[in-house]
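Some notes on the structure that comes next.
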Amino acid sequence: MAEELQAEEKKILRRAPAIITKISSLTSEMGRVCVLGTIVSKNSEIGSIVLDDGESSVLILLNNPQDIEKFKEGQTARVFGKVWGSGNEIELQAEIVQDFSKIDRELYSKVMLQ
């Protein structure tokens, strides 16, 4: 019996990589994405932030509404998440939100958004 278990192939499930993109380029067909922007507003009632990259903005829904206290308006953040909605109703379900306040945004854009 132990030999049968060892003989079984283990399937490794891999998460799809996040696509680094501008907020204005988000579409409903995208799965996981990574966007960078400035937090322009917070809503503690629903646990969300609005992220703006200078061209467009998107509503980010946080996994844990209590995490809203970790963020400040005007703070630069990078968000990994899944795209929800379609058309003009695009939202992101956040998986990871990182403080990017100390990042050179111009250099980041030049290197990452070629």
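The values are calculated or read from the model by the stated rules, or taken from the named source; none is laboratory data. Source: prediction; values computed, not measured. Note: ideal-geometry Cβ built from the backbone for every residue, glycine included; neighbour counts use all protein chains shown.
When region 26-48 is examined, which residues are found to be surrounded by 15 or more Cβ atoms within 10 Å (Cβ to Cβ) and free of Cβ contacts under 8 Å to residues at least 40 places away in the same chain? If the condition is that a residue be surrounded by 15 or more Cβ atoms within 10 Å (Cβ to Cβ) and free of Cβ contacts under 8 Å to residues at least 40 places away in the same chain, then THR38, ILE39, LYS42, GLY47, SER48 are the ones that fit. Among the residues of region 49-96, just one is crowded, with 16+ Cβ neighbours inside 10 Å, closer than 25 Å to ARG15 by Cα and more than 12 Å from the chain's Cα centre (by Cα), namely ILE90. Scanning region 1-33 for residues that are at pLDDT below 90, among the hydrophobic types (A, V, I, L, M, F, W, C) and in a helix (DSSP H, G or I) turns up ALA2, LEU5, ALA7. Restricting attention to region 71-96, the residues that are within 13 Å of CYS34 (Cα to Cα) and in contact (Cβ under 8 Å) with a residue 40 or more places away in the chain total 9.
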